[in-house]
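Note sheet for the following structure.
Values in this text are rule-based calculations from the coordinates and carry no lab data. What you see is a predicted model, and the numbers here were worked out from it, not measured in a lab. All Cβ positions, even for glycine, are placed from backbone atoms using ideal geometry, and neighbour counts span all protein chains on display.
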Amino acid sequence: MRIVYHLGAHCTDEERLLRCLLKNRGLLAEEGIIVPGPAKYRTLLRDTAMTLKGQPAPPETQAMVLEQIISETDVDRLILSWDNFLGYAQGAVRRGIYSSGAERMAAFCKIFPNAETEFFIAIRNPATFVPAVFQKQHGRAYEEFMDGVEVETLRWSTLIEALRTINPDVAITVWCDEDTPLLWPEVLQAVSGHSDDITLVDTDDLLASIMTADGMQRMASYMATHPPQNAGQRRRVVSAFLDKFAQADQIDVTIEMDGWSEELVARMTDAYDQDVARIIAMDGVSFLSP
């Protein structure tokens, strides 16, 4: 059995991927791909990992946990999704981006120590990630939230490298949240692992959230008469319709943080671009890009 951990991150997916896969759970189950409801495993996995204290789960514990998560017997791929796997929003940038995330995932992996495992994660420009995750947490002033971390030092590559180092046998797939509208079918298939014989339903929710209804209708009509022959063609079509029909208030991110200047945001964005290039070059990391 292969276990897939979709790690979020916070303020990227907002559980849209899980909702889509749950809508298609019947189709996916035909290929041994099981998508349990999150209530069945999130608290269970957290509590089990804490109880194990870093030790591999004995067979009886593994069987007990698996029995509570799934009822199916024919399971090739089990998909688990939670944006708190790496840590909670209030500590997302303490000592770096999810500084304890790699250790946390090692603890989760000890629940099923013999399973083949994969990690999937979307990353986001820290210039927009920090304001978004700061708004997601409650009760802390900005200075307390940052806990002495200089915002310009935040790098996703530090997290990805730690995930690789501490979990060396786990394959990691990464993509930029900013590219998700263009990559959505590829992201869904990469996480689910479904074959080309399956066509998922309700996969346009993401585009519908950022494109006008008229634009969605026109794009659907165009694709019906000019079916894309490959992923690259589809991305070009989607990009063209987004250019014309995107809802500006949904794609134009306004960054408002006290003390942040336009120059700071520009420097952080440049650093993010360099960081993405660093992640792409990492061994053992698959990167989805348009």
Over the C-alpha atoms of the stretch 249-290, what are the Rg and the largest Cα-to-Cα span, Dmax, in Å?
14.1, 39
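Output the direction-averaged projected area (hull surface divided by four) of the convex hull of the alpha-carbon atoms of the stretch 1-158, in nm². Don't jump to the answer; show the numbers that get you there.
Values: hull surface 39.1 nm².
The directionally averaged projection comes out at 9.8 nm².
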Tally the DSSP beta bridges in the chain and give the antiparallel ones as a percent, rounded to 5.
5 percent
Compactness relative to 2.2 N^0.38 Å, alpha carbon Rg of the stretch 75-125:
1.26
Descending semi-axes in whole angstrom, ellipsoid equivalent of the stretch 191-290, from the Cα gyration tensor:
30, 23, 12
Kindly state, to the nearest 0.05, the FRET efficiency for Ile255 paired with Arg95, given R0 = 22 Å and r defined as their beta-carbon distance.
0.45
The alpha-carbon center of the stretch 202-269 and that of the stretch 18-90 are separated, in whole Å, by 32 Å
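Length gain on complete extension for the stretch Met64 to Ser286, per 0.36 nm per residue less the alpha carbon to alpha carbon distance? The partial results should precede the final answer.
Values: separation 222, 0.36 × 222 = 79.92 nm, distance 3.27 nm.
Extra length from Met64 to Ser286 when fully extended: 76.7 nm.
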How many nm is it between the label spots at Met146 and Met223, if each spot is 7 Å from the Cα in line with the beta carbon?
4.1 nm
Per residue of the chain, what 222 nm ellipticity follows from adding -39500 (n - 2.57) for every DSSP H run with n ≥ 4, rounded to the nearest 500?
-14500 deg cm²/dmol
